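See structure below.
Since every read-out is calculated from the coordinates, none of them should be taken as a lab result. The shown structure was predicted, so the numbers you read here are calculated from the model rather than taken from an experiment. So basically every Cβ, Gly included, is an ideal-geometry build from the backbone, and we count neighbours across all protein chains shown.
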Amino acid sequence: MSLPVEILEAEVLQLPPAERAHLVERLIASLDVDPDVEEAWAAEVERRLLQIESGEAVILSGAETLARLKAEFQ
């Protein structure tokens with residue numbers, strides 16, 4: 001018989017942070033992964049990396065990115 005999620009969650013939250021992190025990694029790895037989605041993400045990462053390496057894409061710091069977004073939406 002399985003435990004209700006709420007009970008399981010309460011027990012897991014009592015674990016030390018390192019053990020919770022390990023559990024999260026295992027749970028995420030256990031999820032079904034769609035190979036087409038994974039392939040699409042890999043292609044997108046490669047495309048963006050090539051843009052960065054060629055100078056086509058400009059890299060901004062986090063602070064600069066947030067400042068530009070705030071200015072755009074104010």
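With a length cut of 18 Å (Cα positions projected on each helix's long axis) and a Kyte-Doolittle mean of at least -1.0, go through the chain and give me the DSSP H helices that pass.
Helices passing the filter in the chain: 17-30, 35-54.
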Exercise for the section: Would you indicate which of (1) 0.98; (2) 0.93; (3) 1.19 is the value of Rg/Rh (Cα atoms, Kirkwood Rh) derived from the coordinates of this structure? Expected result: (3)
Practice task
Quick one: which residues, 5 or more positions from Ala57 or on another chain, have an amide H under 5 Å from its amide H? H modelled 1.01 Å from N in the peptide plane, none for Pro or chain starts.
Solution key: Ile52
Fill in the blank from the handout: In the range 26-70, taking the dipole from +1 charges on Lys and Arg beta carbons and -1 charges on Asp and Glu beta carbons about the Cα centre, the listed residue (Leu69, Ser30, Leu50) farthest towards the positive end is Leu69
